[in-house]
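Structure, as structure tokens:
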Amino acid sequence: MTDREFRASDLTRKTCEILHEATIAPIILTNHGKPRHVVMSVEEYERLKSARTLHKAFKTDELPQDLRDELLSGIDAQLDDDH
């Protein structure tokens, strides 16, 4: 589903419509034609917030041992499959 866009000035005239649409999909609010804010349901916000905690980046020398072992095992399995 494509995100709907409204002008920030629409907030005063179309509040109910914007809030209703935001329960279906995030709404982008623009100011002078540029995206500035997003209105979304609490459920979508919570989903995004929890998904963010699942993704972490590490420098290779900072990688926890269990993740390092899993990574090396995956690389070895991939190399074995290629031969």
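Laboratory data are not the source of any read-out in this text; all were calculated from the coordinates shown. In this text the structure is predicted, and so the values were computed from the model without any measurement. Here Cβ is always computed from backbone atoms with ideal geometry, including for glycine, and neighbour counts include all displayed protein chains.
Label sites at residue 48 and residue 16, each approximated as a point 7 angstrom past Cα along Cα to Cβ, lie 2.6 nm apart. Between residue 9 and residue 75, the simple label model (points 7 Å from Cα in the Cβ direction) yields a spacing of 5.7 nm. Between 0 and 90 degrees, the angle of helix 15-24 with respect to the longest Cα principal axis of the chain falls at about 30 degrees. Shown is the FRET efficiency for residue 36 and residue 61, computed with R0 = 41 Å from the Cβ-Cβ distance and rounded to the nearest 0.05: 0.55.
Axis angle, to the nearest 10 degrees, between helix 65-82 and the longest C-alpha principal axis of the chain: 80 degrees. By the Kirkwood approach, averaging reciprocal distances over each pair of separate Cα atoms, the chain gets a hydrodynamic radius of 16.4 Å.
In the chain, the longest principal axis of the Cα atoms and the axis of helix 42-52 are about 20 degrees apart.
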